[in-house]
1. Return the sequence-ordered ³J(HN,Hα) values of segment 129-144 in whole Hz as given by the Karplus equation 6.51 cos²θ - 1.76 cosθ + 1.60 applied to θ = phi - 60°, using x for Gly and Pro.
2. Once label points are set 7 Å from the Cα along Cα→Cβ at both Arg168 and Val38, what is their separation, rounded to one decimal in nm?
3. For segment 135-229, give the magnitude of the charge dipole about the Cα centre (Cβ charges: +1 Lys/Arg, -1 Asp/Glu; no others), in debye to the nearest 20.
4. Which whole number in µm²/s is D for segment 112-207 by Stokes-Einstein, with the Kirkwood Rh taken over Cα pairs at 25 °C and 0.890 mPa s?
5. Rg and Dmax of segment 135-177, using alpha carbons, in Å: what are they?
6. How far apart, in nm, are the 7 Å Cα→Cβ label points at Ala204 and Gln133?
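What follows is calculated from the coordinates using simple rules that are stated; it is not laboratory data. Quantities reported herein were computed from a predicted structural model and do not represent experimental measurements. A quick note on method: Cβ atoms are made from the backbone with ideal geometry, for glycine too, and the neighbour counts reach across all protein chains shown.
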Amino acid sequence: MMGDLPCLDPTTECIAQLQSMAVENNLALTVIQERIDVIEQRIDEARDLNQQAVQIDIFDPLLSRYLQFDQSSGRGFLDNLFGLFTNPLSSINEILSLIGMPLLRGVTNTNTRAQQTTLAISDLQVKVTQIEQEKRKMAETLREQVMLEILEFDATRREFQISQEIARRATVQHRLLEVDYRFSDRIDSVTYLGHLSQLDRQKADTYRAWARLRTRLARIQMMVLGQEE
């Protein structure tokens, strides 16, 4: 009857196990977690790109200065590079003047592009926090629903068991009554048919109790296993 469910008892251990399975197998929560993973991946990528951008911004003036060709003086990259050896002091001063401010902006995180990326990352982090809060709320609601369904299932199961026992006793009683009806004059047809109708009603009540029990079980399976069985 339980199918793939590990248990169906209204105990703390069983309810906790079914709640964990429900959260793990819930499609909506899975989709939300995938969305969170994608955003966090984008945050990591943005951080890496931001670090690379800061490093490029730091050395961009220096590279632009040393790689460009000055037509007026006829100096190019090799000349500038050779100047590091022929006039190291002047070259070092020039290098520091070119990378000093970009380096300071990178260290103090005042680089314009870095600030924009940081703001974008902060927005994504806020979005992740909001999504995670919604996910926790959904998970708590699902856990509560599973607990209530287990309790309702247990109550319905008890009702079915009582109805089943009453129907069993009524069936035995009817068989004894049928013997008297067939082989003696103590039971007339009206009494016999009335008792038979009462037995049919009791069986119908038992079938309805069974149907309610199956409905409760289907709800639990749908929530816990993530599919309707």
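1. Listing the rounded values in order: 4, 5, 5, 5, 5, 5, 5, 5, 5, 4, 5, 5, 4, 5, 4, 5 Hz.
2. Rounded to a tenth, the inter-label distance reads 5.5 nm.
3. 360
4. Once the numbers are plugged in, D ends up at 129 µm²/s.
5. 18.6, 62
6. Roughly 5.4 nm, to one decimal.
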